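A quick write-up on the structure given underneath.
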Amino acid sequence: MNKELSKKQRLKVFLINVAAFALIFTLLGIIVLELFNQSAYQETDISLEQAAKDTRLIQAEINAYQNNTMSLPPDAAMPKIPGTNRFNTQLILWSEKGVILNKQSLGGRFSQLASLKLDTGHLNTIQSLTVTDQNEAETLLFRSITAVAPTNQSGVAYVQVLANTNQIDNAMKNFQTILVLSMVFFWILSIGISYYLSSLTMRPILASWKKQQEFVENASHELRTPLTIIQNSLERTFTKPNHTIIEESESIAQALAETRRLTGLTADLLTIARSDSNQQMLSKEPIAIAPFIQELAKPFQEIAKMDSKHFVLENLALTTAVFDPKKIHQILVILLDNALKYTSQGDKITLLSEISNKYWLLEVRNTGPSISDEDKKHIFERFYREDRSRSKETGGYGLGLAIAKQIVEEHKGQISVRDLQPKGVIFQIRLPKEG
């Protein structure tokens, strides 16, 4: 993946994350504000509805209005006589023509409410009102409910209950300001987080691309060598058309050997490709471990004997385990084959099989050359070979241990390598006994 494409992809992921965060914060803000608006006026609205239905409260205000009008001479000023009104709540008595009747009990509030008009189109419904006093010096906000008077006494036709909400409105404005500032702050913070997430998201993609690129390059390189040898051998044979097969047996044998190596390489590449695409399926079944290991070890015991090497089998797992026998067989063939290739006459090769708690423990030990700590870090990587010249002699491509690791991981197990003291190497596999 080139740098330009990588930058475009990262920018795309970044913008998607930023947009997602913005959408989330916007929806969160709308939901919070809506809930706050509903809860802010909920208690006030309940009080208004209760007051509008409270006939005793309404009757007390009507009585106060009647007492005021009966005790005053026609030309007397109207004093403030307490009724049922409070500082934040007013109860207004309306005539049929829309005139406020209880001006005395409203007192100084009347000048603020003088511009108020009777609305009979929304009876028994909570309404929001904005009222400006006579001097236009103050704007008052109210929640209001208007109802028909329970009894038409002294010309009282309608009753309106008002609750001042200026304090609630100011609190809501402050809350909205704080909420918006908080959303903007966290959205800006989310931009940084989005940038980091876009980088984090691209890492496995870039790593996978790099891994695939290296795989193709290495596979092409490894395939080129045997194909070149086969081509040269065949071309050399065609330059001597009068030679017999026996005379050209060396070239033919070389071509056949490289063909076999090429067949093995393509099989390994196919195994890795299937594993990468999750097409490789395991056929697990309960298997008696001891007979399985005994049968597997036989050919390697004979090869070791022919090469004057000591092969020791410690077959201690006398139980069953759930695994794919073909795949585990493939792993042990890889490890034992490597042990035979990289040991000399007189060296010792040990295959250990035992049960450790809930795990089946397999170890392949050999007293051949040790592996450096740096090589141990990369030994399970594809196409990695500790000694390329020696691997070429033994026909290795650096795929065997990579395949072994894949198979072990598919069995949810672990594979590791460590030194055998005083000399040698131990490859250890831990597999769940129950699969």
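The values are calculated or read from the model by the stated rules, or taken from the named source; none is laboratory data. Keep in mind that this is a model prediction, so the values were computed, not measured. Please note: Cβ atoms are built from the backbone with ideal geometry, for glycine as well, and neighbour counts cover all protein chains shown. With ligands, DNA and RNA removed, areas are computed over all heavy atoms of the protein, side chains included. Shrake-Rupley method; radii C 1.70, N 1.55, O 1.52, S 1.80 Å.
Of all residues in the range 332-361, those that are within 20 Å of LEU296 (Cα to Cα) have Cβ atoms under 6 Å from Cβ atoms of residues that are of a type in the set (Asp, Glu), 6 or more apart or on another chain, in LEU352/GLU314; LEU352/GLU363; LEU361/GLU354. Taking the conditions exactly as written (touching a Phe, Trp or Tyr at 6+ places or on another chain (Cβ under 7 Å), β-branched (Val, Ile, Thr) and at negative phi), does VAL364 satisfy them or not? Considered against the rule, which asks whether it is touching a Phe, Trp or Tyr at 6+ places or on another chain (Cβ under 7 Å), β-branched (Val, Ile, Thr) and at negative phi, VAL364 comes out as yes.
Pairing each residue of the range 239-259 that is free of Cβ contacts under 8 Å to residues at least 24 places away in the same chain and at negative phi with any residue that is open to solvent by less than 90 Å² (accessible area, probe 1.4 Å) and part of a helix (DSSP H, G or I), provided the two are 6+ apart or on different chains, yields C-beta distances under 6 Å for GLU248/THR237; SER251/SER233; SER251/THR237. Residue count for the range 395-435, restricted to those that are among the hydroxyl-bearing types (Ser, Thr, Tyr) and under 19 Å from GLU354 (Cα atoms): 1. When the residues of the range 400-413 are filtered to those that are among the charged types (D, E, K, R) and more than 10 Å from ILE331 (Cβ to Cβ), the one that is least open to solvent (accessible area, probe 1.4 Å) is GLU410. Taken together, the criteria place THR263 among residues that are assigned to a helix (DSSP H, G or I), surrounded by fewer than 16 Cβ atoms within 10 Å (Cβ to Cβ) and without any contact (Cβ under 8 Å) to a residue 40 or more places away in the chain. Just to be sure before I move on: is SER416 under 23 Å from LEU282 (Cβ atoms), surrounded by fewer than 20 Cβ atoms within 10 Å (Cβ to Cβ) and modelled with pLDDT of 80 or more in the structure I sent? Yes: the conditions hold for SER416. Taken together, the residues in the range 109-127 that are in contact (Cβ under 8 Å) with a residue 24 or more places away in the chain and either assigned to a loop (DSSP other than H, G, I, E, B) or closer than 18 Å to THR44 by Cβ (or both) amount to 10.
Is the range 353-360 home to any residue that is outside any strand (DSSP E or B), over 12 Å from VAL425 (Cα atoms), of a type in the set (Lys, Arg) and out of contact with any helix residue (DSSP H, G or I) (no Cβ under 6 Å at 6 or more places or on another chain)? Yes, the range 353-360 contains at least one residue that is outside any strand (DSSP E or B), over 12 Å from VAL425 (Cα atoms), of a type in the set (Lys, Arg) and out of contact with any helix residue (DSSP H, G or I) (no Cβ under 6 Å at 6 or more places or on another chain).
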